[in-house]
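The values are calculated or read from the model by the stated rules, or taken from the named source; none is laboratory data. The shown structure was predicted, so the numbers you read here are calculated from the model rather than taken from an experiment. Here the Cβ positions follow ideal geometry from the backbone for every residue, glycine too, while neighbour counts run over all protein chains shown. To get the accessible areas, we keep the full protein, side chains included, count just its heavy atoms, and leave off ligands, DNA and RNA. Shrake-Rupley method; radii C 1.70, N 1.55, O 1.52, S 1.80 Å.
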Amino acid sequence: MTPKTITIIGRRWFHRGAGKTYHSAKVLVDGEVKIEISETYGYGDQYLHNGFEALERAGIIPMRPRGKGDSAPAPWAWCQEHGITLSSSATDVAREEDL
């Protein structure tokens, strides 16, 4: 069954000493939390891409076709193509414990 909505809520934390950004995320499908991603490396909107990869692995959405360089279509483009409403947001937190 194709979802009607996918919402990905991320939290990012910048580790000043290492100069790296980490994130965690919750992935909701049709308003229900389906996946929680624990602390992992990635900056910017990487939480969004990791959320979609987790949805694929869980079999909630089909594997997106991979093109040159083994990259999948952008989440927003894939959702638009399949008539799925995508919402995403990220909050930057001050402490690692807040991820």
Counting only other residues whose beta carbon sits under 10 Å from that of Leu99, what net charge do I get with K and R as +1, D and E as -1?
-1
How large is the helix-only mean residue ellipticity at 222 nm for the chain, computed as the sum of -39500 (n - 2.57) over DSSP H runs with n ≥ 4, divided by its residue count, in deg cm²/dmol to the nearest 500?
-6000 deg cm²/dmol
Cross-link partners among lysines for Lys20, C-alpha distance below 30 Å, same-chain residues fewer than 8 apart left out?
Lys34, Lys68
Charge tally in the Cβ shell below 9 Å around His23, where Lys, Arg are +1 and Asp, Glu are -1, His23 excluded:
+1
Remind me, relative contact order of region 1-81 in percent, using alpha carbon pairs under 8 angstrom and six or more residues apart?
22 percent
Counting Lys and Arg as +1 and Asp and Glu as -1, what is the net charge of the other residues whose Cβ lies under 14 Å from the Cβ of Trp13?
0
So I have (i) 26, 14, 10; (ii) 32, 15, 9; (iii) 25, 16, 11, and one of them is semi-axes √(5λ) of the Cα gyration tensor in Å calculated from this model. Which one is it?
(iii)
The answer for region 1-77, accessible area per residue at 1.4 Å probe in Å², is 61 Å²
With the full set of protein chains in place, find how many percent of the accessible area of the chain is carbon and sulfur; take the probe as 1.4 Å.
48 percent
With a cap of 13 neighbouring Cβ atoms within 10 Å, and only residues DSSP puts in a loop, list the chymotrypsin sites (Phe, Trp or Tyr not before Pro) found in the chain.
Tyr43
